[in-house]
Amino acid sequence: MKTYNLEKYRPDLHFAPKKNWMNDPNGMVYYKGEYHLFFQHNPNDSVWGPMHWGHAVSKDMIDWQELPIALYPDELGTIFSGSAVVDWHNTSGFFPDEPGIVAIFTHHLDKDDGTPAVQTQSLAYSHDKGRTWTKYEGNPVLGHPTKVDFRDPKVFWHAETAKWVMTLATGQTVTFYSSPNLIDWQFESEFGDNIGSHDGVWECPDLFELAVDNSEEKKWVLLVSIGDDPQFDTGSRTQYFVGSFDGSTFTADNKEIQWLDFGKDNYAGVSFSDIPTEDGRRIYMGWMSNWRYANQVPTEGWRSQMTLPRTLALRHVGDQLLVVQNPVEELDSYFTKVVEFDDVLINSEETKTFAVDKSSVEIVLEIDNHDAKQFGVVLSHTASQKTELVIEAETNRVTLDRKDSGQIEFSENFSNHQEFNLQATNKVELRIIVDSSSIEVFFNEGAYAVTSLIYPDKVCEEITLFSLGGAIQVKNSYISASHS
Ligand code: FRU
């Protein structure tokens, strides 16, 4: 029997399955003091295969306990992505005694006879905080006569119209359905023709409201993940639209394409349901991988991990209204400051290096660029392995380069630069979180994110700040390490 090194590259602060394959986060819901994470799971192999819903619970979204598989395939198909809600008022009739959780997921039936697979939406419910599940006897509850791609239901209670709304991925559009009871669904509208990116099939949508600039004003945000298409070298990624929703129709405010993340490894992310009103956060997690190479990444006996949980907000940045994201504050208690520095001037061609050798690190920097042409951070994992973050002042271009970061040869595409443009680079704020096999960078209080896998032999030995062609000044900055 083959033996695996199950611990190599295993994350310290991110959820990963103990064994075998994982993709999308599913059914994320908060109920009775626990955050639930279900996930696309093949329990028999470390590559994608017949999908089940794996399950984990946590009190803080960082420290997860994996539980037995929640949903197994049945005669209606394997269990594709979907969501979960608390049916507080027993609209479904499943909870005569006390509220419980309903999972709304896609059944994927592949008869392996050359005919297209059939995707339908089904329900399961739990009376014991998600530990055991009963599939609804009337499954499936929603199908389509012709659409082949008809999946990933994300359901929420729309208070203004007092009904459940389902956002469903339907080819290269999103379709909205509504229901009084989670069982009987009615078509409302379809969104997506002639707007947004159509570089691949649309998957895993999510629709929710966010406050604008922390004010009373609110807008609706529609997240749409776009599958890998071999014609483009980006692989899979996630776009979003900002607009309005009246319970039936979503209208986008503008036409330009907006990406949720400029790294390669944040896909199929959606938000938690039923976060208490007193808390008020909209919390998101994505699958930290890319369909282009997800089945090849060099872990043994397990594959894939989730992004850190992130709080989403809407903020004006220059003339744009952006979905901004920051790791949840629960993460803070996992880190202790190991170095603090303020008002450090780094002249042209100079560097400042910090030796930090820990299982995960956080680097927080406030950089004033006086007159440098280029500046940034080099993360030395070992003497020969590094990941570089470079900012070019003239073009405002930011590049994350992982070509020397460790194992990269499993995919041609893995070493391509991850790039985007900031609006200005005279002042740049950075928060970088490095774990055993990932780096997540948040710019300017979360206005832009770059999420990227890396496979170095060690997390970090040294952190070097550099400046070329002029000076930078680094203020109010620190490096933290996790104490796990
Ligand atoms: C997205 C996705 C979903 C589907 C699931 C199957 O990554 O393709 O559309 O439900 O994965 O595992």
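The values are calculated or read from the model by the stated rules, or taken from the named source; none is laboratory data. No experiment lies behind these values; they were computed from the predicted model shown. Because the Cβ atoms are built from the backbone with ideal geometry, glycine has one as well, and the counts that use them run over all protein chains shown. SASA here: full protein model, heavy atoms, side chains in, ligands and nucleic acids out. Shrake-Rupley method; radii C 1.70, N 1.55, O 1.52, S 1.80 Å.
Summary of computed values
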quantity: G280 vs. criteria assigned by TED's automatic domain parsing to the domain that holds M61 and surrounded by fewer than 18 Cβ atoms within 10 Å (Cβ to Cβ); calculated: yes
quantity: Members of segment 133-168 found to be among the aliphatic types (A, V, I, L, M), over 29 Å from T115 (Cβ atoms) and either within 13 Å of the ligand (Cβ to nearest atom) or in a strand (DSSP E or B) (or both), listed by number; calculated: V165
quantity: Members of segment 234-247 found to be of a type in the set (S, T, N, Q), open to solvent by 30 Å² or more (accessible area, probe 1.4 Å) and either assigned to a loop (DSSP other than H, G, I, E, B) or within 16 Å of the ligand (Cβ to nearest atom) (or both), listed by number; calculated: T234
quantity: Qualifying position, being within 16 Å of the ligand (Cβ to nearest atom), assigned to a loop (DSSP other than H, G, I, E, B), on the phi < 0 side of the Ramachandran plot and touching a Lys or Arg at 6+ places or on another chain (Cβ under 9 Å), among N295, N290; calculated: N290
quantity: Which numbered condition G196 misses (of (1) open to solvent by 10 Å² or more (accessible area, probe 1.4 Å); (2) in contact with a strand residue (DSSP E or B) (Cβ under 7 Å, 6 or more places away or on another chain); (3) without any contact (Cβ under 8 Å) to a residue 40 or more places away in the chain); calculated: (3)
quantity: Of residues in segment 206-233 being in a strand (DSSP E or B) and open to solvent by 40 Å² or more (accessible area, probe 1.4 Å), the one nearest to the ligand (Cβ to nearest atom); calculated: E209
quantity: Tabulated pairs, segment 146-168, first under 10 Å from S178 (Cα atoms), second open to solvent by 40 Å² or more (accessible area, probe 1.4 Å) and more than 16 Å from the ligand (Cβ to nearest atom), C-beta under 7 angstrom, 6+ apart or interchain; calculated: K163/P180; W164/W157
quantity: Single match in G196, G192, G171 (criterion: on the phi > 0 side of the Ramachandran plot, modelled with pLDDT of 95 or more and more than 16 Å from the ligand (Cβ to nearest atom)); calculated: G196
quantity: Which listed residue is open to solvent by 70 Å² or more (accessible area, probe 1.4 Å) and in the same structural domain as H52 (by TED's automatic domain parsing), from D112, D74; calculated: D112
quantity: Hits in segment 15-54 - residues which are more than 10 Å from the ligand (Cβ to nearest atom), within 25 Å of I454 (Cβ to Cβ) and either open to solvent by 10 Å² or more (accessible area, probe 1.4 Å) or among the aromatic types (F, W, Y) (or both); calculated: F15, A16, K18, K19, N20, D45, S46, V47
quantity: Filter result for E440 (within 20 Å of the chain's Cα centre (by Cα), modelled with pLDDT of 95 or more and open to solvent by 60 Å² or more (accessible area, probe 1.4 Å)); calculated: no
quantity: Within segment 365-456, strands (runs of 3 or more DSSP E) holding 1 or more residues that are without any contact (Cβ under 8 Å) to a residue 40 or more places away in the chain and in contact with a Lys or Arg (Cβ under 8 Å, 6 or more places away or on another chain); calculated: 386-392, 418-421
quantity: Which listed residue, of T115, T106, T91, T120, is part of a loop (DSSP other than H, G, I, E, B) and in contact (Cβ under 8 Å) with a residue 40 or more places away in the chain; calculated: T91
quantity: Hey, T311 open to solvent by 60 Å² or more (accessible area, probe 1.4 Å) and of a type in the set (S, T, Y) or not; calculated: no
